[in-house]
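Colleague: Could you have a look at this structure, given as structure tokens, before my questions?
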Amino acid sequence: LWVNHFAMEVADYDHVLAYAKLLKDNDISYIGPTDHGFIRSIYFFDPNNLRLEITCNMATRAETAAYQDRAHDHLKQWLAEHRKG
């Protein structure tokens with residue numbers, strides 16, 4: 001199993017934007033910001049071609065608690081859909 005990408009969480013969306021500016025100022029290509037609803041992220045590649053993500057949580061505490069309550073059911077469903085016969 002290979003790593004698809006490595007995500008690093010920052011404190012807030014302003015930090016995501018600051019990293020985007022830093023990448024742009026240094027002529028490093030990136031994708032985003034991408035709004036995933038509960039998180040916002042930028043993506044870029046390191047020198048070894050590993051995709052890196054800088055992200056921040058946009059969910060409220062109530063939304064996060066709801067995600068936690070449903071996590072095991074979502075995992076069971078995902079495994080049922082993706083396990084090889």
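Colleague: Give me the pairs, please: first residue somewhere in the stretch 35-59 and modelled with pLDDT of 95 or more, second residue anywhere and of a type in the set (Phe, Trp, Tyr) and not in a strand (DSSP E or B), beta-carbon distance under 6 Å, and either six or more positions apart or on two chains.
Modeller: Close Cβ pairs (under 6 Å, with a partner that is of a type in the set (Phe, Trp, Tyr) and not in a strand (DSSP E or B)) amount to 40/13; 42/30; 44/30; 54/19; 56/13; 58/38.
Colleague: Restricting to the stretch 14-62, and then to whatever is of a type in the set (Asp, Glu) and assigned to a strand (DSSP E or B), can you tell me which residue is least open to solvent (accessible area, probe 1.4 Å)? Explain how you work it out, then say what you get.
Modeller: Going through the stretch 14-62, the residues of a type in the set (Asp, Glu) turn out to be 14, 25, 27, 35, 46, 53.
Now restrict to residues that are assigned to a strand (DSSP E or B): 35, 53.
Details: 35: 97, 53: 12 Å².
The selected residue is 53.
Colleague: Considering only the stretch 3-13, how many residues are open to solvent by less than 60 Å² (accessible area, probe 1.4 Å) and in contact with a Leu (Cβ under 9 Å, 6 or more places away or on another chain)?
Modeller: Going through the stretch 3-13 one residue at a time, the tally reaches 1.
Colleague: Given the structure, is residue 11 among the small types (Gly, Ala, Ser), in a loop (DSSP other than H, G, I, E, B) and modelled with pLDDT of 95 or more? Working first, answer last.
Modeller: Details: among the small types (Gly, Ala, Ser): yes; in a loop (DSSP other than H, G, I, E, B): yes; modelled with pLDDT of 95 or more: yes.
For residue 11, the condition - among the small types (Gly, Ala, Ser), in a loop (DSSP other than H, G, I, E, B) and modelled with pLDDT of 95 or more - is met.
Colleague: Still on this model: For the structure I just gave you, tell me whether residue 79 is closer than 22 Å to residue 4 by Cβ and either exposed (fewer than 10 other Cβ atoms within 10 Å of the Cβ) or touching a residue at least 60 places away in the same chain (Cβ under 8 Å) (or both). It would help to see each step written out before you state the result.
Modeller: Numbers: closer than 22 Å to residue 4 by Cβ: yes; either exposed (fewer than 10 other Cβ atoms within 10 Å of the Cβ) or touching a residue at least 60 places away in the same chain (Cβ under 8 Å) (or both): yes.
Criteria met by residue 79.
The values are calculated or read from the model by the stated rules, or taken from the named source; none is laboratory data. Source: prediction; values computed, not measured. For neighbour counting, all protein chains shown are included, and Cβ atoms are generated from backbone atoms with ideal geometry for every residue, glycine included. Surface accessibility is based on the protein's heavy atoms, side chains included, excluding ligands, DNA and RNA. Shrake-Rupley method; radii C 1.70, N 1.55, O 1.52, S 1.80 Å.
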